[in-house]
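See structure below.
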Amino acid sequence: MTVRVMLISPSAAAAHEPRFGDDGPLDAAALRRTRAAGQLPAAGRVLTAPSPRCRETAAVLGADAAEDEPALRDLDAGRWRGRGLMDLGASEPEAVAAWLTDPDAAPHGGEPVRSAVARVGAWLDGLEDGRVLAVAAPAVIRAAVVHGLALPAQSFWRLDVQPLSLTELTGRGGRWNLRCGVPLTQGQEGTPGDRGHPTSPAGTQSS
């Protein structure tokens with residue numbers, strides 16, 4: 001048996017610059033996009049990160065009874081929470097440069113990228129066989145991919161997770177195959193997007 005982990009990124013507002021830790025409830029436009037995305041794939045266990053955005057995305061997609069999973073909480077951006085990358089680049093260029101190049105740096109006073117990768121990786125490796133679906137912020141999904149494929153931690157910033165996309169990791173015992181970037185409407189059972197599981201700049205919303 002293997003573990004099949006299906007990670008869904010939440011819908012995002014498009015009206016403003018993405019901000020660190022932007023995990024508030026969905027606005028009207030994000031709600032419309034989520035309703036148009038279709039339903040979630042079937043799974044034996046359905047989880048959500050403990051944030052309003054992820055919970056609401058899960059509920060709108062038909063998983064209103066999804067179980068909160070603390071290990072899937074977004075990366076803690078500390079005092080940068082609520083601020084945009086362009087704003088920070090102008091006011092704290094050296095701190096932002098350190099953040100974008102050193103996975104052990106935490107100039108915001110929150111969680112280093114390497115720690116987030118270790119946290120999400122421990123959750124991933126601890127899953128039991130079966131199908132698990134989880135709605136989680138892009139940073140969490142990126143951390144799962146970095147851990148699952150044993151990528152250098154610096155790769156975290158090179159991965160882009162689109163809103164309402166499906167990233168799938170299949171495997172066990174530290175060996176994972178990746179299928180990423182699939183729109184929900186193409187990832188349903190029985191559609192062309194669900195026929196294979198090939199091995200295969202970071203979104204700011206959850207950085």
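The values are calculated or read from the model by the stated rules, or taken from the named source; none is laboratory data. If you're wondering where the values come from, they're calculated on a predicted model, not measured in any experiment. Cβ atoms come from the backbone with ideal geometry, glycine included; neighbour counts cover every protein chain shown. Calculation scope for accessible area: heavy atoms of the full protein, side chains included, ligands and nucleic acids excluded. Shrake-Rupley method; radii C 1.70, N 1.55, O 1.52, S 1.80 Å.
A compact table of results
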| read-out | value |
| --- | --- |
| Which numbered condition W157 fails, given (1) within 20 Å of S11 (Cβ to Cβ); (2) part of a helix (DSSP H, G or I) | (1) |
| Residues of region 152-173 classified as touching a helix residue (DSSP H, G or I) at 6+ places or on another chain (Cβ under 7 Å) and either open to solvent by 50 Å² or more (accessible area, probe 1.4 Å) or among the hydroxyl-bearing types (S, T, Y) (or both), total | 2 |
| Some residue of region 44-55 being out of contact with any helix residue (DSSP H, G or I) (no Cβ under 9 Å at 6 or more places or on another chain), more than 26 Å from G121 (Cα to Cα), open to solvent by 50 Å² or more (accessible area, probe 1.4 Å) and in a loop (DSSP other than H, G, I, E, B) | no |
| Breaking point among (1) within 16 Å of the chain's Cα centre (by Cα); (2) buried (at least 21 other Cβ atoms within 10 Å of the Cβ), for W176 | (1) |
| Single residue of R114, R142 found to be over 14 Å from the mean Cα position of the chain (by Cα) and either at pLDDT 95 or above or among the hydrophobic types (A, V, I, L, M, F, W, C) (or both) | R114 |
| Subset of region 83-127 (residues that are over 18 Å from Q154 (Cα atoms) and among the small types (G, A, S)) | G84, G89, A90, S91, G109, A122, G126 |
| Qualifying positions in region 17-73 - acidic (D, E) and modelled with pLDDT under 85 | E17, D22, D23 |
| Near pairs, Cβ below 8 angstrom, 6+ apart or cross-chain, from region 90-101 (more than 12 Å from W80 (Cβ to Cβ)) to any residue that is small (G, A, S) | A98/A105 |
| Pair list, Cβ under 9 Å, 6 or more apart: region 30-48 residue at negative phi, other residue part of a strand (DSSP E or B) and modelled with pLDDT under 90 | A37/P183 |
| Filtered residues of region 129-139 (kept if surrounded by 24 or more Cβ atoms within 10 Å (Cβ to Cβ) and over 8 Å from the mean Cα position of the chain (by Cα)) | L133, A134 |
| Residue in region 127-154 that is farthest from G21 (Cα to Cα), counting only those that are part of a strand (DSSP E or B) and among the aliphatic types (A, V, I, L, M) | V132 |
| Test for R35: is it touching a Lys or Arg at 6+ places or on another chain (Cβ under 8 Å) and not hydrophobic (A, V, I, L, M, F, W, C) | no |
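Quick grid of which residues meet (1) in contact with a strand residue (DSSP E or B) (Cβ under 7 Å, 6 or more places away or on another chain); (2) surrounded by fewer than 18 Cβ atoms within 10 Å (Cβ to Cβ):
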position: P70; (1), (2): no, yes
position: D74; (1), (2): no, no
position: R79; (1), (2): no, yes
position: R83; (1), (2): yes, no
position: L88; (1), (2): no, no
position: A98; (1), (2): no, yes
position: T101; (1), (2): no, yes
position: D104; (1), (2): no, yes
position: V113; (1), (2): no, no
